[in-house]
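Shown below is the structure under consideration.
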Amino acid sequence: MISQKMQDAINAQINEELFSSYLYLSMSAFFEDMSLTGFANWMRIQAQEEQFHAMKFFDYLNERGGKVELLAIEKPENQWKDIVTVFEQTQKHEEHITAKINELVKIASDENDYASSNFLQWYVNEQVEEEATASEILEQIRFLGENKHGILMLDREFKGRSFQAPVDGE
């Protein structure tokens, strides 16, 4: 059985992950409006990943005998100055999620909840990847600056991204 404190924290994290999905979907719509369909695709896939993360928490909480309580999802921003600003926010948001995951790890540690500690290691590793990816893309976009040809090449590259749900244990 999972503790009330961990249950509440996981329910809050489900909300964080669902908000992340909304945020990235909003960013996808922003890029669609700019006719940058590759960037839109990249963000849509990111939204799907966040939905997957939420459902992984959802399933874990149910497996541990906890009660899932879905909270209201905050409305995400829907306008940005430019592509750089979108990816600056993406980087900042991933850092925020990493901090939230770290808080969950701390709760699990404080409560000697070894099952949750083990479960959360997947998210710890995932956030390292998420932050690195966001940072790499941000730096590439900054490097390109006003080079529209470079942006269009990156846009074409992003069209090829697809969602693959990780296999258990990955």
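Please tell me if Arg161 is modelled with pLDDT under 95 and out of contact with any Gly (no Cβ under 7 Å at 6 or more places or on another chain).
yes
Still on this model: If we scan region 11-30, do we find a residue that is more than 17 Å from the chain's Cα centre (by Cα) and among the aliphatic types (A, V, I, L, M)?
Within region 11-30, not a single residue is more than 17 Å from the chain's Cα centre (by Cα) and among the aliphatic types (A, V, I, L, M).
Among all residue pairs at least 6 apart or on different chains, which show Cβ distances below 6 Å where the first residue, located in region 81-96, is modelled with pLDDT of 95 or more and the second is of a type in the set (Ser, Thr, Tyr) and part of a helix (DSSP H, G or I)?
Every condition considered, the pairs that remain are Gln91/Ser135.
Still on this structure, please answer the following. Please determine, by comparing only the residues of region 87-116 that are over 30 Å from Ser26 (Cα atoms) and polar (S, T, N, Q), which one is surrounded by the fewest Cβ atoms within 10 Å (Cβ to Cβ).
Taking the candidates together, the pick is Asn112.
Output the qualifying pairs, or none if there are none: Cβ atoms under 7 angstrom, residues six or more apart or on different chains, first residue in region 44-72 and within 20 Å of Ala165 (Cα to Cα), second residue among the polar types (S, T, N, Q) and exposed (fewer than 14 other Cβ atoms within 10 Å of the Cβ).
Pairs that qualify, where the first residue is within 20 Å of Ala165 (Cα to Cα) and the partner is among the polar types (S, T, N, Q) and exposed (fewer than 14 other Cβ atoms within 10 Å of the Cβ), are Ile45/Ser162.
Now, a different point. Hey, among the residues in region 132-170 that are over 17 Å from the mean Cα position of the chain (by Cα), among the acidic types (Asp, Glu) and assigned to a helix (DSSP H, G or I), which one's surrounded by the most Cβ atoms within 10 Å (Cβ to Cβ)?
Looking at the filtered set, the residue picked out is Asp155.
Taking the criterion of being in contact with a helix residue (DSSP H, G or I) (Cβ under 9 Å, 6 or more places away or on another chain) and surrounded by 18 or more Cβ atoms within 10 Å (Cβ to Cβ), would at least one residue in region 63-70 satisfy it?
Yes, that holds for at least one residue.
Would you mind finding the one in Glu130, Glu63 that is more than 17 Å from Ala9 (Cα to Cα) and either out of contact with any Phe, Trp or Tyr (no Cβ under 7 Å at 6 or more places or on another chain) or of a type in the set (A, V, I, L, M) (or both)?
So the residue among Glu130, Glu63 that is more than 17 Å from Ala9 (Cα to Cα) and either out of contact with any Phe, Trp or Tyr (no Cβ under 7 Å at 6 or more places or on another chain) or of a type in the set (A, V, I, L, M) (or both) is Glu130.
Where residues in region 126-145 are at pLDDT 95 or above and among the small types (Gly, Ala, Ser), which of them is farthest from Lys56 (Cα to Cα)?
Ser135
A follow-up question, please. Enumerate the pairs (first residue in region 1-20 and under 10 Å from Leu61 (Cβ atoms); second residue anywhere and among the polar types (S, T, N, Q) and in a helix (DSSP H, G or I)) with beta-carbon separation below 6 Å, excluding pairs fewer than 6 apart on the same chain, so at least 6 apart or on different chains.
Met6/Ser116
The values are calculated or read from the model by the stated rules, or taken from the named source; none is laboratory data. For clarity, every value in this text was computed on a predicted model and none was experimentally measured. Because the Cβ atoms are built from the backbone with ideal geometry, glycine has one as well, and the counts that use them run over all protein chains shown.
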